[in-house]
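Following: one structure in structure tokens, then a few remarks.
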Amino acid sequence: ARMKELQPGSRAMIVTDWATPAFADCAYLIQAGPMLVESGSRVSGHGGYRANFLKRRHPRTIMGTDGKRFVWAVIDGRNPIHSVGATIEETGRVAGLLGLQTAINLDGGGSSQMVWRDIIVNLPSEGRERPLPYAVLFHSKAE
């Protein structure tokens with residue numbers, strides 16, 4: 001049955017298929033988007049994303065590389081005194097100003113939060129830490 005045909009209480013089987021050729025050499029995957037910068041050029045024409053997501057200012061999270069190092073950045077938002085956020089175009093512009101050759105937009109809104117050594121270093125839009133079932137973590141090999 002198709003998803004839209006399922007009724008509450010219906011039984012369903014979920015299958016994860018990593019056999020897609022594009023994923024053959026991947027050890028890890030992150031669901032994100034849209035791309036902001038590719039090969040040093042800002043990406044435009046983000047088909048498939050809602051205008052509300054692209055053109056309204058929201059908190060945003062950027063992950064990218066300048067070819068030598070990874071850069072993570074958070075743009076705060078939804079606070080007229082501190083920061084109103086950024087559109088996807090503005091977020092791409094920030095990625096370019098950071099010198100990123102490749103950059104992608106990660107989860108945003110209240111999920112845009114950066115913690116460094118147990119300290120929240122930005123101002124999350126909800127005014128507090130949002131409990132999330134996922135995170136990208138960095139630690140030393142000793143840890």
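The values are calculated or read from the model by the stated rules, or taken from the named source; none is laboratory data. Nothing here was measured: the structure is a model prediction, and the numbers come from that model. All Cβ positions, even for glycine, are placed from backbone atoms using ideal geometry, and neighbour counts span all protein chains on display. Calculation scope for accessible area: heavy atoms of the full protein, side chains included, ligands and nucleic acids excluded. Shrake-Rupley method; radii C 1.70, N 1.55, O 1.52, S 1.80 Å.
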Any residue at all in the stretch 65-77 that is basic (Lys, Arg) and either part of a strand (DSSP E or B) or surrounded by 10 or more Cβ atoms within 10 Å (Cβ to Cβ) (or both)?
-> no
Ala135: modelled with pLDDT under 95, over 15 Å from the mean Cα position of the chain (by Cα) and over 26 Å from Ser39 (Cβ atoms), yes or no?
-> no
For the stretch 8-22, does any single residue satisfy the condition of being of a type in the set (Lys, Arg) and open to solvent by less than 30 Å² (accessible area, probe 1.4 Å)?
-> no
If Lys141 passes every condition in (1) closer than 23 Å to Leu36 by Cα; (2) assigned to a loop (DSSP other than H, G, I, E, B) but one, which one does it miss?
-> (1)
Residue within the stretch 93-110 that is loosely packed, with under 15 Cβ neighbours inside 10 Å and acidic (Asp, Glu) present = no
Look through Tyr28, Tyr49 and report the one residue that is among the aromatic types (Phe, Trp, Tyr), modelled with pLDDT of 85 or more and assigned to a loop (DSSP other than H, G, I, E, B).
-> Tyr49
